[in-house]
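The values are calculated or read from the model by the stated rules, or taken from the named source; none is laboratory data. If you're wondering where the values come from, they're calculated on a predicted model, not measured in any experiment. FYI the Cβ positions are ideal-geometry reconstructions off the backbone, even for glycines, and counts take in every protein chain you see.
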Amino acid sequence: MSVWLVMILCGVLTFGLRLSFIAAEGRVRFPRWFRVLLPFVPVATLTALIVPELLLANGVLWLSWQNARLMAGIVAISIAALTRSVLWTLVGGFATLALWSGLIR
Amino acid sequence: MSRSATQEFWAGVRALAPLLVGVAPFGMIYGVLALANGLTPAAALAMSSILFAGSAQFLFCQLVGVGAPATVIVAEVGLLNLRHALYSAALAPRLTHLPRRWKLVLAYLLTDEAFAAISQREADGQPAGPDRHWFYLGAGLALWGGWQLSTAVGVLLGARLPSDWPLDFALPLTFIAIVVPLIRDRAMVLAAVVAGGVALLAVGLPFKLGLLAAALAGMAAGWWAVDKAR
């Protein structure tokens with residue numbers, strides 16, 4: 001199958017997910033288990049993307065203070081928890097990565 | 001007094017602006033990654049409009065690069081983007097009064113970043129006037145423009161971007177900025193810990209299926225915690 005066709009399928013699917021509740025509001029009742037599950041979807045999927053980026057180097061676990069990405073991640077998580085500011089989280093994370101990479105070199 | 005449509009629109013743009021610090025490198029590295037995995041520049045650019053979802057575009061390129069079957073690609077992108085159904089559910093009650101064309105446009109523009117900006121709008125204490133949807137449009141369009149521009153820069157510069165710039169770190173950082181404020185109770189902590197743990201354990205699975213397993217395990221853990229507490 002061509003890349004374009006797969007891309008369009010993915011795009012239609014994604015648009016459908018984004019439109020789902022907006023279009024169905026007031027018309028469809030969703031089952032309880034579904035409404036319970038839904039709030040966990042962003043946290044579960046995004047954390048599954050974040051954790052390997054911080055803890056794996058070339059597919060191998062790297063738990064060490066020399067792992068600059070892990071250190072920058074910890075700083076970013078702390079800033080996000082304390083300030084809830086997107087800007088400071090991003091700036092603090094990038095700055096820590098740059099400083100830490102420089103320090104341990 | 002509630003804000004006018006113009007004020008709401010620009011408030012939306014301003015609420016989204018800080019996220020562009022992460023979106024710009026994220027978009028550039030996507031452009032580089034797309035070409036490196038064999039996509040044509042036209043396909044790489046079109047995907048930013050057709051899919052318009054950074055993490056899913058990353059995943060799509062990586063799966064094309066390893067020759068994953070079409071069914072696997074569609075299933076994984078679908079699961080990864082399932083969270084947009086939550087954003088849709090959260091936004092839906094505020095859009096009921098709008099004409100269909102507004103609903104279609106705002107649904108298309110509904111991303112992690114736009115949702116994060118919208119959540120801030122809900123918390124900022126400003127009265128919710130009849131023109132609040134202009135805020136959503138402002139935030140959505142600001143992200144759309146920033147994403148198209150930065151992915152285009154990535155596609156144009158391609159391999160000429162210095163490879164020692166850690167642009168890819170924008171992906172986990174942006175998601176940290178979005179996820180951490182969402183974690184407010186123990187069930188959320190459990191969902192995050194389980195998803196992260198399974199993501200590490202299952203990293204060896206082919207076609208990035210570990211991501212799928214981790215996301216499902218995290219959702220199940222959260223659901224279990226809520227069910228047990230009831």
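Annotation: of all residues in segment B:163-209 being basic (Lys, Arg) and over 19 Å from the mean Cα position of the chain (by Cα), the one that is farthest from the other protein chains (Cβ to nearest Cβ) is B:Arg186. Taking the residues in segment B:210-219 that are at the interface with chain A (Cβ under 8 Å from one of its Cβ atoms) and hydrophobic (A, V, I, L, M, F, W, C) as candidates, determine which candidate is surrounded by the fewest Cβ atoms within 10 Å (Cβ to Cβ). If we take residues in segment B:210-219 being at the interface with chain A (Cβ under 8 Å from one of its Cβ atoms) and hydrophobic (A, V, I, L, M, F, W, C), then B:Leu216 is surrounded by the fewest Cβ atoms within 10 Å (Cβ to Cβ). Within segment A:17-28, the residues that satisfy the criterion of being out of contact with any helix residue (DSSP H, G or I) (no Cβ under 6 Å at 6 or more places or on another chain) and facing chain B (nearest Cβ under 8 Å) are A:Ala23, A:Ala24, A:Gly26. Picking from residues in segment B:102-142 that are touching a residue at least 60 places away in the same chain (Cβ under 8 Å) and not in a helix (DSSP H, G or I), the one that is surrounded by the fewest Cβ atoms within 10 Å (Cβ to Cβ) is B:Pro127.
Table: residues versus (1) closer than 25 Å to B:Asp168 by Cβ; (2) at pLDDT below 90; (3) within 7 Å of chain B (Cβ to nearest Cβ).
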| position | (1), (2), (3) |
| --- | --- |
| A:Phe15 | no, no, yes |
| A:Phe30 | no, yes, no |
| A:Ala76 | yes, no, yes |
| A:Thr89 | yes, no, yes |
| A:Leu97 | yes, no, yes |
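So, in segment A:39-68, how many residues would count as being of a type in the set (Gly, Ala, Ser) and more than 10 Å from chain B (Cβ to nearest Cβ)?
Count: 2.
Checked against (1) touching a Phe, Trp or Tyr at 6+ places or on another chain (Cβ under 8 Å); (2) more than 10 Å from every other protein chain (Cβ to nearest Cβ), B:Ser55 meets all criteria but (2). Based on this model, can you work out whether B:Ala92 counts as part of a helix (DSSP H, G or I), more than 9 Å from every other protein chain (Cβ to nearest Cβ) and either within 17 Å of the chain's Cα centre (by Cα) or surrounded by fewer than 21 Cβ atoms within 10 Å (Cβ to Cβ) (or both)? Taking the combined requirement at face value, the residue does not satisfy it.
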